[in-house]
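Participant: Below is one structure. I have some questions about it.
We did not get these values from a lab; they are worked out from the coordinates using the rules stated. Note that this is a predicted model, so its numbers are computed, not measured. Here the Cβ positions follow ideal geometry from the backbone for every residue, glycine too, while neighbour counts run over all protein chains shown.
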Amino acid sequence: MYLYSYYRSSTSFRVRIALNLKGLKYTIFPINLKTKEHQTDAYLRVNSQGIVPTLIDQGHTLSQSMAILEYLEQKYPTPALLPIDPLEQASIREFSLLVACDIHPLNNLQVLTYLTNTLGIDETQKQVWYHHWISKGFQVLEKKLKMTADAYCFGHQITFADICLIPQVYNALRFQVDLSNFPMIAKIYSHCLKHPAIEAALPENQPDAEN
Ligand SMILES: N[C@@H](CCC(=O)N[C@@H](CS)C(=O)NCC(=O)O)C(=O)O
């Protein structure tokens, strides 16, 4: 398996965690978002949307991190990252998609770059934008976690919910978000960082990590 990935990309981070949890072997092809390697013809031939991650498995090319997670779960079911019960599955997908669809896209690199380079907002306004959407999203996640969390977002098993939450929290900390208002998120985050599969997926442990 091959994974086109950028070390600091939250969506690549999601897929790295899932691959590691399932014990799948993969080679990383780093794509440098800083130097706009994702917009080169060579990469656009792999991923026409010009985003990471892209997974190649048995000659098939897959993009969109949530679709990749669903594929991995079906194709490589052990260990399971979703429970069997359909209602529990739906709750975990609800939580995961809250991160993937309602939080992450508002703070993605291309959105932040558009705000600064095209609409001309300054760094302070960019920080205000970032913190606003993280805080709004995290307040909802925190409330949900009070009902569902134990060691992980949903009880004692790592699921898609943790796979989506951890990269988003990592990113938020990079933008100096204070987690003191989100004790459940902070607790799960520090617990998850001790998991070897998550540790191995951390941005700083990637072959393309910059100092
Ligand atoms: N919905 C996509 C989003 C992928 C995405 O936004 N990737 C970011 C990195 S986290 C990217 O490649 N951004 C390129 C850019 O912003 O120019 C997914 O979940 O895979």
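Participant: For the chain, what does the relative contact order come out to in percent, with C-alpha contacts under 8 Å and a separation of six or more?
Facilitator: Taking the mean separation of contacting Cα pairs over the length of the chain, I get 26 percent.
Participant: Taking the chain as a Gaussian network, Cα atoms linked when under 10 Å apart, which of 28, 185, 17 shows the biggest mean-square fluctuation?
Facilitator: 28
Participant: Let me ask something else. Listed highest first by mean packing, meaning other Cβ atoms within 10 Å per residue, what order do 5-13, 106-114 come in?
Facilitator: Sorting 5-13, 106-114 by mean packing, highest first, produces 5-13, 106-114.
Participant: Hey, what did the range 1-123 get for relative contact order, percent, Cα under 8 Å, at least 6 apart?
Facilitator: Result for the range 1-123 is 22 percent.
Participant: Classify the range 65-211: rounded, prolate or oblate, from the alpha-carbon gyration tensor (a ≥ b ≥ c, eigenvalue square roots; a/c under 1.5 rounded; otherwise prolate if a/b is larger than b/c)?
Facilitator: Prolate, since a/c reaches 1.5 and a/b exceeds b/c.
Participant: Only Lys, Arg, Asp and Glu count, each charged at its Cβ (+1, +1, -1, -1), so figure out the dipole size of the chain about its Cα centre, rounded to 20 debye.
Facilitator: It works out to roughly 40 debye.
Participant: Convert each backbone phi in the range 120-132 into a coupling constant with the Karplus relation 6.51 cos²θ - 1.76 cosθ + 1.60 (shift: θ = phi - 60°), then list the ³J(HN,Hα) values in order as whole Hz, x for Gly and Pro.
Facilitator: x, 6, 8, 4, 5, 5, 4, 4, 4, 4, 4, 5, 4
Participant: Which order results if 66, 1 are arranged by neighbouring Cβ count within 10 Å, fewest first?
Facilitator: 1, 66
Participant: Mind telling me which of 50, 137, 59 comes out most flexible in a GNM of the chain, alpha-carbon contacts under 10 Å?
Facilitator: So, out of 50, 137, 59, the one fluctuating most is 59.
Participant: Then there's this: Name the most mobile residue of 42, 90, 161, meaning the one with the largest mean-square fluctuation, in a Gaussian network model of the chain with Cα contacts below 10 Å.
Facilitator: Most flexible of the set in this elastic network: 42.
Participant: Given contacts defined as C-alpha pairs under 8 Å and at least six residues apart, what's the relative contact order of the range 143-211, whole-number percent?
Facilitator: RCO, the range 143-211: 25 percent.
Participant: Antiparallel as a % of all DSSP beta bridges within the chain, to the nearest 5?
Facilitator: Around 65 percent antiparallel, to the nearest 5.
Participant: Assuming a strict under-26 Å limit between Cα atoms, what lysine pair count do you get for the chain once near-sequence pairs (fewer than 8 apart, same chain) are dropped?
Facilitator: Lysine pair count for the chain: 17.
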